[in-house]
Amino acid sequence: MSASATIIDASARHAGAVRYWLKRLHRWVGLSLGLVYALIALSGSVLVLQGPLLRLLHPSLSAHALPDATARAAVLTRIAHEWPPRGLRSADLPTAELPVWQLYFSDGSRRYLDPANGNLLLTRAIGSDLLLTLRDWHTHLLAEKTGEAVLGVLGWLTLGLLLSGVWLWWPGRRNLRGSLRVHTQPPARRWVSWHRSIGVLSLPLLLLVTLTGTLMVYSAGTRHVLQTLFADAPATPTPARIAPHPQTIAWTAVLDAAQHALPDAELRRIVLPSAADGRVTIRARAPGEWHPVGRSQVWLDPYQARVLGAVDATAEGTGARLSNAVYPLHAGSVGGLAGKLLALLCGLLPPFFLVTGFLFWRTRQPRNRQ
């Protein structure tokens, strides 16, 4: 045997060994990690519809008119007086989609207030509310920061699982069309053809949703890397904190100042003054933003209704805009109804792969002899 033939033979044996162990790794990681991935994905499919489901489960939340400027200011005064001592983090202003105040608390609970007078309408808490519990599972595995860190590791492992599946499937260009054919019999061929064909056809969507979900765990690092990679201009610095004051805040003037700073944006979320910081921070959604709350921001001195700083997210650098797009792409907030349906479908695919992969493995096992 010539030297070249020996090298080719050794290379083939090495490739065969790599493929053998990669196949075993794909199978066992898929059957174990795949169960958790499937449950996370299923919860994601439900969360794609969390807005309509919330309105369906609590129709009274939609039975309100949007408040005028006077009522909005009066309710904000009441919120600032009653709720910060109870752990209030931020509040969403009433919108056409949800015309009530939505309050977010440090324990993960949410409260909903009448837009006209600030009376409590509904309290939702993790553990007693199905949608909030599913959200906590999807984002933290019900384990706060530890669960979020585990999700990051699972995300990278899942990306490796998806890419290894493509590597194991790749039939070469000549056999590409035939390898995508779906079979019905025999059972082993049926399950493996469904598993492989649907997996390959849906791979771009699966990679997008899995990658964006993983990057969300490392949001600060992701933003820094993207801004560095695209050589963004330095970000607008966050204004320094100011001392809180006991005086009553003229909320109409504060909201007017915020709107003047971002005239075309819709004011969506507000962070009230605290014992450590007297600033008010308002998130806003400028035209063209994908994020449902928006990534534009205004910082204000509420005691003087003075703007301390503002960021129009649509005018930021390429890296920052890509970072801002991670969550909307993951949540199906891009492309209207079609985007929502694709995100919902993507959440159903991992359970499908888990079941077909298991059935293929099961049909290949030798039956016990009597």
Subset tally (residues that are outside any helix (DSSP H, G or I) and either of a type in the set (S, T, N, Q) or touching a residue at least 60 places away in the same chain (Cβ under 8 Å) (or both)) for region 254-282: 10
Leading residue by the ranking (farthest from Pro287 (Cα to Cα)) among those in region 243-264 that are of a type in the set (Val, Ile, Thr) and surrounded by 15 or more Cβ atoms within 10 Å (Cβ to Cβ): Ile249
Considering residues of region 302-315 that are touching a residue at least 12 places away in the same chain (Cβ under 8 Å) and assigned to a loop (DSSP other than H, G, I, E, B) only, the residue most open to solvent (accessible area, probe 1.4 Å): Asp312
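Would you say Ser202 is open to solvent by less than 90 Å² (accessible area, probe 1.4 Å), touching a residue at least 12 places away in the same chain (Cβ under 8 Å) and farther than 23 Å from Ala320 by Cβ?
Values: open to solvent by less than 90 Å² (accessible area, probe 1.4 Å): yes; touching a residue at least 12 places away in the same chain (Cβ under 8 Å): yes; farther than 23 Å from Ala320 by Cβ: yes.
Yes.
Residues Ser60, Ser43, Ser32: which one is under 26 Å from Glu144 (Cβ atoms) and surrounded by fewer than 17 Cβ atoms within 10 Å (Cβ to Cβ)? Working first, answer last.
Working: Ser60 fails: under 26 Å from Glu144 (Cβ atoms); Ser43 fails: surrounded by fewer than 17 Cβ atoms within 10 Å (Cβ to Cβ).
The unique qualifying residue is Ser32.
Take Gly87 and tell me if it is surrounded by fewer than 17 Cβ atoms within 10 Å (Cβ to Cβ), touching a residue at least 12 places away in the same chain (Cβ under 8 Å) and within 23 Å of Thr139 (Cα to Cα). Don't jump to the end; show me each part of the working.
Details: surrounded by fewer than 17 Cβ atoms within 10 Å (Cβ to Cβ): yes; touching a residue at least 12 places away in the same chain (Cβ under 8 Å): yes; within 23 Å of Thr139 (Cα to Cα): yes.
Yes: the conditions hold for Gly87.
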Contacts under 6 angstrom Cβ, first residue in region 62-75 being closer than 10 Å to Trp251 by Cβ, partner open to solvent by 50 Å² or more (accessible area, probe 1.4 Å) and assigned to a helix (DSSP H, G or I), 6 or more apart: Ala69/Thr252; Ala73/Thr252
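Name the residue, out of Leu121, Leu93, that is open to solvent by less than 10 Å² (accessible area, probe 1.4 Å) and either within 22 Å of the chain's Cα centre (by Cα) or under 21 Å from Ser60 (Cα atoms) (or both). Before the answer, list the steps.
Details: Leu121 fails: open to solvent by less than 10 Å² (accessible area, probe 1.4 Å).
Testing whether each residue is open to solvent by less than 10 Å² (accessible area, probe 1.4 Å) and either within 22 Å of the chain's Cα centre (by Cα) or under 21 Å from Ser60 (Cα atoms) (or both) leaves just Leu93.
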Members of region 243-253 that are part of a loop (DSSP other than H, G, I, E, B) and touching a residue at least 60 places away in the same chain (Cβ under 8 Å): Thr248, Ile249, Ala250
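For region 316-337, which positions are among the aliphatic types (A, V, I, L, M), open to solvent by 30 Å² or more (accessible area, probe 1.4 Å) and at pLDDT 95 or above? Lay out the reasoning, then the answer.
The initial filter retains those residues of region 316-337 that are among the aliphatic types (A, V, I, L, M), namely 320, 322, 325-326, 329, 331, 334, 337.
Those left that are additionally open to solvent by 30 Å² or more (accessible area, probe 1.4 Å): 322, 329, 334, 337.
Those that are among the aliphatic types (A, V, I, L, M), open to solvent by 30 Å² or more (accessible area, probe 1.4 Å) and at pLDDT 95 or above: Leu322, Leu329.
Limited to region 28-54, what total is found for residues that are closer than 21 Å to Leu359 by Cβ and of a type outside the set (A, V, I, L, M)? Quick ask: steps written out before the conclusion?
Quick first cut of region 28-54, residues closer than 21 Å to Leu359 by Cβ only: 28-39, 41-42.
In the following step, the residues that additionally are of a type outside the set (A, V, I, L, M) were identified as 28, 30, 32, 34, 37.
Count: 5.
Looking at Arg72, Arg27, Arg78, Arg55, can you tell me which residue is over 29 Å from Val271 (Cβ atoms) and basic (Lys, Arg)?
Values: Arg72 fails: over 29 Å from Val271 (Cβ atoms); Arg78 fails: over 29 Å from Val271 (Cβ atoms); Arg55 fails: over 29 Å from Val271 (Cβ atoms).
Only one candidate qualifies: Arg27.
The values are calculated or read from the model by the stated rules, or taken from the named source; none is laboratory data. Owing to the predicted nature of the structure, the values given are computational and were not obtained by experimental measurement. Glycine gets a Cβ as well: all are built from the backbone with ideal geometry, and neighbour counts include every protein chain shown. Note: accessible area is taken over every heavy atom of the protein model, side chains too, but ligands, DNA and RNA are not part of it. Shrake-Rupley method; radii C 1.70, N 1.55, O 1.52, S 1.80 Å.
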